[in-house]
Every structure is written in structure tokens, then in C-alpha cells.
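Working notes, structure below.
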Amino acid sequence: QVQLAESGGGVVQPGDSLTLSCVISGQSFRWTTIGWFRQAPGQVREFVGASSWNGEKMYYADSVQGRFIISRDNAKNTVYLQMNNLKPEDTADYFCASTGNIVGIRSPTDYSDWGQGTQVTVSS
């Protein structure tokens, strides 16, 4: 029902900034919370942040609080993840996902639809 597509990944140096985009299609867009997750090789998929359906509430993992900013443009059906002061530990595949939940938003199991992911590598 809902399709998501991430883009904007790449290879950057520590301290650089990078902005990821998640384009969402489907009529359920305005009724979904959009989450960002990341997964490094050999590690579990972890919560990065999430945006409420109207973009008025943003949630962030402690590890990215103050560095990452989520914004949502409903007119363009796009959610952005602005990543600042990137660190090597930010290296991972980044995914966006959608859910109708407004309470359970921090677990991958809370989400029903996922994008294919985009690779972010932070290396000196």
C-alpha cells in the first residue's frame, strides 16, 4: 500500500553533513509516522528518529540527538534526515519506514512498510 524510497547516501568524512530523503507514495502518507532506522553489518537494526504524520513531533535516539534533524514536507511526500557532524559510528545502511502507530515507534516491528535502504559510510 505504502511505498518508500530512500536516497542521498554516500561516502563522507567525519564531521561532514549529509541529507537523506525518503519519498513516500500511497494514500496513507498523511496517516503515517515515518521512522528512520540504521543497520551496520553484524548489528541489529536500530532506531534513529521518527516524524509524526504532521511533522510537529520529532523523536531521536540519544546517539544522534543534537546532530540529526528530521523534517517532513507533506506537499512533496518526502521526509528528510539531515545528518550533521557525522561520526564513523554512523556508518550503516539507513532505512525509512512507515507505521500507523503513534506510540510504538522505536522498534522495527512497529513498522509495516520499508524502503530498500541507502548506504552511508563515514570514514577518514
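As I understand it, the dipole of the chain uses +1 on the Cβ of Lys and Arg and -1 on the Cβ of Asp and Glu, about the Cα centre. Which of G115, V103, T19 lies farthest toward its positive end?
Value: V103.
Sort the following peptides by mean Cβ neighbour count (other Cβ atoms within 10 Å, averaged over residues), highest first: 99-108, 15-24.
15-24, 99-108
Quote the relative contact order of the chain in percent (integer), defining contacts as alpha-carbon pairs under 8 Å separated by 6+ residues.
35 percent
Keeping all protein chains in place and using 1.4 angstrom, which order do T33, T91 fall into by accessible surface area, from largest down?
From most exposed to least exposed: T91, T33.
Please calculate how many Å² of accessible area the chain carries per residue, with a 1.4 Å probe and no DNA, RNA or ligand atoms counted.
Per-residue accessible area for the chain comes out at 51 Å².
Within a Cβ distance under 13 Å of S21, other residues only, what is the Lys/Arg minus Asp/Glu net charge?
0
Using 0.36 nm per residue, how much length does the chain from N77 to E46 gain when fully extended, once their Cα-Cα distance is taken away?
Full extension from N77 to E46 adds 8.8 nm.
Between T109 and V11, how many nm apart are label points set 7 Å from Cα along the C-beta direction?
3.8 nm
Starting from 0 in steps of 5 Å, tell me what percent of the Cα-Cα pairs of the chain lands in each bin.
Taking all Cα pairs of the chain, the binned fractions are 2, 13, 24, 27, 19, 10, 4, 1, 0 percent.
The values are calculated or read from the model by the stated rules, or taken from the named source; none is laboratory data. Since the model is a prediction, treat every value here as computed from it, not as a measurement. Virtual Cβ from ideal backbone geometry, glycine too; neighbours counted across all protein chains shown. Quick note on the areas: whole protein, heavy atoms, side chains included, nothing else; ligands and nucleic acids left out. Shrake-Rupley method; radii C 1.70, N 1.55, O 1.52, S 1.80 Å.
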